[in-house]
Amino acid sequence: MKKIILIFFAILLITTIYIIYSLFYSPNINKSVVVKINKGYTVSKIFDELNKHRYLKHKELYLMISRVFIPKNKTINQGTIIIPPNTSNFKLFLGLYTGEFVFKKKITMPEGMNTAQYASIFQKELDIDSVKFAQLAHSSKIVQKFNIPAATVEGYLYPNTYFIDYGKSEEEMIVFLINQFENIWQNNFLGKSLPLDMNRHQVITLASIVEAETPVLEERPKVAGVYINRLAKGIPLQADPTVQYAINKFSRLTYSDLSYDSPYNTYKYVGLPPGPINSPSKSSIDAVLNYEKHDYLFFVAKGDGSGLHNFARTYEEHLKNVSLYRKKIGRKNG
């Protein structure tokens, strides 16, 4: 009987040592390991993927621990995970649920870019399908979900530098960026007086035009004031960036370009275009909401490389500024 008891305790001790070793010491791999966890993977499937790299062997043990100790609302993050050298099973197990090992890519979304340009960035940096991203950006499902009064989410993908989980889907990226925009609006602009009884969509639309017109932050309220004056007087905005957006051409426009028939052609149609032409910055939104009150109706670039503009109250004064601009550009080209 004593022999049986000794054997039992010996087996129990060996089992205990094995479990402790498995949890706290193995697998002792001395290099980084990369594992892709795809959307829809079950916990069992994830452990299978890790087993291929010698992690969490005897997955039944870890499945049991998951069921007993991990809350049901806690899930394993999808995406690409990078397991550092000499990571124990126990540390990996906990890290799967905290997201510690999910690879995050630093992505900078420049201000003033449109959805097509962002799709290209995400394809390069996150291996996202740019065609699918562009299609979803025009999806009625997403537009309706966020109550965007347009056919696209253009203007609502807030530009910033983010650390993105590598492995996010195209839809998850769009939803994430719209939520970032909503946070910015709620925390900075909600409840503020909107010019000319505009709604939020119109403010974002005008902000996107201001964003495209001038890179100089201090000048943006002045540019916004020009457009507010034109809107108030019923004068066409005549904003080149809206035409460039319509014809997908971001170089200098020709006279024939200005005759292109599109609701985004603010030379042909009075008022704001149907929606934003890019994702404006907080600065440009603020410039519209706090536009400079003046009586200017025209502006043209100085042409000296500063990004600044000359402003005019009359068309005759504007023509003089245009002539100055052409002379400076001519000298540069010459």
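The values are calculated or read from the model by the stated rules, or taken from the named source; none is laboratory data. As the structure is a computational prediction, the values presented were derived from the model and not from experiment. Please note: Cβ atoms are built from the backbone with ideal geometry, for glycine as well, and neighbour counts cover all protein chains shown.
List of remarks:
- Taken over the range 77-112, the criterion of being within 22 Å of the chain's Cα centre (by Cα), among the polar types (S, T, N, Q) and part of a loop (DSSP other than H, G, I, E, B) is satisfied by N77, Q78.
- Residue pairs meeting the criteria (Cβ under 7 Å; at least 6 apart or on separate chains; first of a type in the set (D, E, K, R), in the range 90-111; second surrounded by 14 or more Cβ atoms within 10 Å (Cβ to Cβ) and part of a helix (DSSP H, G or I)): K105/E125; K105/L126; E111/E211
- So L96, is it surrounded by 16 or more Cβ atoms within 10 Å (Cβ to Cβ) and closer than 24 Å to S169 by Cα: yes
- Any hit, the range 286-299, residues being in contact with a Lys or Arg (Cβ under 6 Å, 6 or more places away or on another chain) and part of a helix (DSSP H, G or I): yes
- Residue match in the range 276-290 (condition: basic (K, R), surrounded by 15 or more Cβ atoms within 10 Å (Cβ to Cβ) and under 26 Å from S193 (Cβ atoms)): yes
- Checking F311 against (1) closer than 24 Å to D197 by Cβ; (2) in contact with a Lys or Arg (Cβ under 8 Å, 6 or more places away or on another chain); (3) of a type in the set (F, W, Y), the condition it does not meet: (1)
- For the range 186-218, filtered to residues that are assigned to a helix (DSSP H, G or I) and farther than 19 Å from P273 by Cα, the residue that is farthest from the chain's Cα centre (by Cα) is E218.
- Filtering the range 37-62 to residues that are in a helix (DSSP H, G or I) and at pLDDT below 90 leaves K59, E60, L61, Y62.
- None of Y158, Y166 is within 26 Å of G99 (Cα to Cα), at pLDDT below 95, touching a Ser or Thr at 6+ places or on another chain (Cβ under 8 Å) and hydroxyl-bearing (S, T, Y) except Y166.
- Some residue of the range 78-86 being buried (at least 18 other Cβ atoms within 10 Å of the Cβ), of a type outside the set (V, I, T) and touching a residue at least 60 places away in the same chain (Cβ under 8 Å): yes
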